[in-house]
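Let me begin by presenting the structure, written as structure tokens, before commenting on it.
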Amino acid sequence: MDSYGDSGALAAAYLIAALTWFVFVIAFYVLGSIFLMKIFEKAGVQGKWRAWVPFYNLMIFLKLGDLSPWLAFGFVLTWVPFLGWLVSIAMAVLMVLAAWRVGLKLQKSGAWIVLYIFLSIVWLGINAFDKSRWNPNIVPASWAANSFLADRTVWEGIPVQPTVQAPAPGYGAPQGYQPPAAQGYAPPQQPGYAQPQAPQAPQFGQPAAPQAPAAPQAPFTPPAAAPQAPVVPPAPQAPSAPPAPPAPPAPPAAAPDAPAPGEQPPA
């Protein structure tokens, strides 16, 4: 009787432990799905149901962490004998990298990843319900150019994370992440006297860098003037008629004849 009683008590203890573990797993999954749903909403993922689908929510988490979502299928290989422990370590590293990138986009420093390693459920809860905002414009990951690790998948309802793209030949700068320009307060220039700059101290012991010769200037070429029309000489004038010869002088008038002696001069 004692042996049967001991075996019954042992079976009951195993059943209670199994039920406790099952309840713990269900509660952990429900809390994790709620926290992932809030994080997905911050990231702009459409559809709350995505956070409740097993395995699919891990793919989305990897994608938001700038990793290929298809790497999640590595969890299937954890059941392979003599290889499962190695795959488990690799998948744990990938999840840590994804959480690090997600934390950076949620305005968390890299030190927060320590909390994820030891208490991932607490890390998810803090990032889900704090006042942080999603910012995808961070420095691209070091594996952004790796075709195996980097995310190249486009899914409807999930925003595409910016990545580094190689520039195509003949085109401009690559698209994707661009570092923001440094902004700050620039004091206005005060009108008036400008303080001269202090002369620079001569440096001894270092030869001066040779200056490149100035490019020769092109000789000055006067602008070409418009050609002038040739001057047409005036037409020659017709020769004038020679002057008429002077008229011959008139002959002197004849003196009246002297009257004959004895004649009366005419009256």
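The values are calculated or read from the model by the stated rules, or taken from the named source; none is laboratory data. Keep in mind that this is a model prediction, so the values were computed, not measured. With ideal geometry, Cβ positions are generated from the backbone for all residues, glycine too; neighbour counts draw on all protein chains shown.
Taking the options Trp85, Trp49, name whichever one is exposed (fewer than 12 other Cβ atoms within 10 Å of the Cβ), under 21 Å from Tyr29 (Cα atoms) and of a type outside the set (Val, Ile, Thr).
So the residue among Trp85, Trp49 that is exposed (fewer than 12 other Cβ atoms within 10 Å of the Cβ), under 21 Å from Tyr29 (Cα atoms) and of a type outside the set (Val, Ile, Thr) is Trp49.
For segment 43-84, how many residues meet the condition of being without any contact (Cβ under 8 Å) to a residue 12 or more places away in the chain and of a type in the set (A, V, I, L, M, F, W, C)?
9
Using the structure shown, decide if Val96 is β-branched (Val, Ile, Thr) and modelled with pLDDT of 95 or more.
Criteria met by Val96.
Restricting attention to segment 99-111, and to residues there that are at pLDDT 95 or above and assigned to a helix (DSSP H, G or I), which single residue is farthest from the chain's Cα centre (by Cα)?
Ala99
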